[in-house]
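Take a look at the structure below.
Every number in this text was worked out from the coordinates using simple rules, so none of it is lab data. These numbers were taken from a predicted model, which means no experiment stands behind them. All Cβ positions, glycine included, derive from the backbone under ideal geometry; neighbour counts span all protein chains shown.
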2 protein chains.
Amino acid sequence: MDPDREREFLAEYDPRAFDPIAVTVDVVALTLREERLHVLAVRRGGPPFEGEWALPGGFVQAGRESLDEGAARELAEETGLDPAALGRVHLEQLGSYGHPDRDPRMHVVSIAYLAFAPRLPDARAGSDAAGAAWLPVEAFSPAGQPGPVRSRPIDQGRRPGAYGGGTGRRPLPDEDGPRLAFDHDRILADGLERARAKIEYTPLATAFLPEPFTIGELRAVYEAVWGAPLHAGNFHRKVLSVPGFVESTGETATRPGSRGGPKARLYRAGDARLLHPPLLRPDREDDVR
Amino acid sequence: MDPDREREFLAEYDPRAFDPIAVTVDVVALTLREERLHVLAVRRGGPPFEGEWALPGGFVQAGRESLDEGAARELAEETGLDPAALGRVHLEQLGSYGHPDRDPRMHVVSIAYLAFAPRLPDARAGSDAAGAAWLPVEAFSPAGQPGPVRSRPIDQGRRPGAYGGGTGRRPLPDEDGPRLAFDHDRILADGLERARAKIEYTPLATAFLPEPFTIGELRAVYEAVWGAPLHAGNFHRKVLSVPGFVESTGETATRPGSRGGPKARLYRAGDARLLHPPLLRPDREDDVR
DNA sequence: CAAGTTGTTCTCAGTATGAGTCTTTCTCAG
DNA sequence: CTGAGAAAGACTCATACTGAGAACAACTTG
């Protein structure tokens, strides 16, 4: 038996005898504020990266909680919501990041989660953070919002869905704005790409809206997440033609949009889990190769 | 500061003082043999689940390797391939599973990987396993291959992409065939669903084939993964019309298919990373809700 | 040689999409 | 009060993509 194998065997029965790996959850929580996509960030209260922005997260409680539960707990701590009252918030696993050097203190494997939330209260700092806030995602996305004509520096070379996590390097080349601590820039970029892809073929865009909502509000979600304007008429036709995407409440808005126009009809999320056929993002020729 | 917080702080600086969480990687390695999808499985050489089949995997080497590297290492160990020679094998992260009870010994978080490989040599047992083999996936999929008319017991209630990992419960209800150890049934089911979805919008089906290949062989990959027959003519038209999916070698097969027909033209994988527009699975109305 | 398979190309009808128009109902500025 | 501008929603039209099927040639096996 070679030495590596031997070590594994021992570790299997007494992991404490070896260098441990810490397990954390980090959450990319996205919400819409003033028509723009915002991400929940905390300011680190201690080293390393003291004073820098980071994604909310923390250690998984060994033997006491699952990863999903840990993520919900961390999200609740920073939003001030009761973990049980996270009701309409969509929370899904994003990927894991485990490069040995991603945290200077020790080998930390982080399981990242992605959350979609309707307008939430202002963030409050958890006890280990110096502050928490919803920040516009462009603050951390080089080249501003992800316009369709943009050169897309973030997702360069990454296939959607193949968020080849685990390497944890911090490559992002030509950076402009502020950075997130650790490899959280990469995690955020992966989360944004996942969000952009996910609203194509699932009705999750509705998770960003309080019910009931109008078709126009739903379109604003797509425009904010994709960073591109959509054709209002075609969007309207499409949303109503996909079975189960939205269902009418029969009501119409009490007041029209702030800039005029007729009172819009109101809808709530339908029972579809997948959009069939999907709503595809406009022109992504650059992404193809 | 509440007790949970306090514990976190301490753990942050001396994780050894607390119950550790072990981190493993498990690999769902898929390949095609005799037109059927097979998964690499190992027979456990010790408790728990001694003698049962499980996915290949093992502990991540703390401070010495990333998750990706660990997955590649584990895969190499069970296939007998040089880790560096894993060349044409596609390896991507699938998701993480971290329910505290998923392993009876201790809290183990497993990062699952998904591999697509062209015909590989027979498996060989790693030193900690009693055996290794490529097994037809239907052996572990209740109700056999995932036919289009099937009631789809595996993916029931799961949105593709929302492989909401982390819970690690072992729910799979009405089981027929053998089970995989731990929660590996669930991981395999998630891996299969990911594979089925992934070949829709990426050219990864080509990763199952040695180059050069014929359109008919590529179609056989889709049919095996989706478990449904496809219209040969339409498939042919589609594959050739998506830019960058395959590129012609200019050659034609030396021998025709084993059951007659003209010599087919040969192709290799093109340079596209995404299929645009995608090849959608036939009829998934059941999945929609 | 006959029957059966496969590779490849076509046709045709149905559906979905992008772009644009039009009408109606509002708000806001003057 | 009025006119400009914005938005909701319903239409039109040309194009693209899809599923189903047919046709035909090049092979196999019995």
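Observations on the structure shown:
- For B:T249, the residues 5 or more places off, or on other chains, whose built amide H falls under 5 Å of its own are B:L266, B:Y267, B:R268.
- Calculated over the range B:42-110, the projected area of the Cα convex hull averaged across directions stands at 5.4 nm².
- Rounded to the nearest 20 debye, the dipole size of the range A:176-289 about its Cα centre is 420 debye, using +1 on the Cβ of Lys and Arg and -1 on the Cβ of Asp and Glu.
- Counted by neighbouring Cβ atoms within 10 Å, the residues A:D283, A:D128 run from fewest to most as A:D283, A:D128.
- Label spacing, shortest first and in nm, from B:D82 to its equivalents in the remaining copies (7 angstrom along Cα→Cβ): 6.1
- Positive-pole candidate from A:P243, A:G260, A:G227, dipole of the range A:200-269, charges at beta carbon: A:G260
- Taking the number of Cβ atoms within 10 Å of each Cβ as an exposure proxy, the fewest-first ranking of B:V23, B:V89 is B:V89, B:V23.
- When only alpha carbons are used to place a centre, the range B:42-72 and the range B:227-282 end up 36 Å from one another.
- Relative to the other identical copies, A:R33 shows label-point distances of 5.6 nm, where the label point lies 7 Å from Cα along the Cβ direction and values run shortest first.
- Long-range HN-HN contacts of B:G45 with modeled amide H, under 5 Å: B:G51, B:A130
- Computed from backbone phi, the HN-Hα couplings of the range B:241-255 come to 8, 7, x, x, 5, 10, 10, 6, 8, x, 8, 10, 3, 6, 10 Hz, rounded to whole numbers (Karplus: 6.51 cos²θ - 1.76 cosθ + 1.60, θ = phi - 60°; Gly and Pro given as x).
- Sorted by Cβ neighbour density within 10 Å, fewest at the top, the residues B:K263, A:K238, A:K198: B:K263, A:K238, A:K198
- Out of every Cα-Cα pair that the range B:181-289 contains, those further apart than 19 angstrom amount to 48 percent.
- Label geometry 7 Å along the beta-carbon vector: A:P282 inter-copy distances in nm: 3.6
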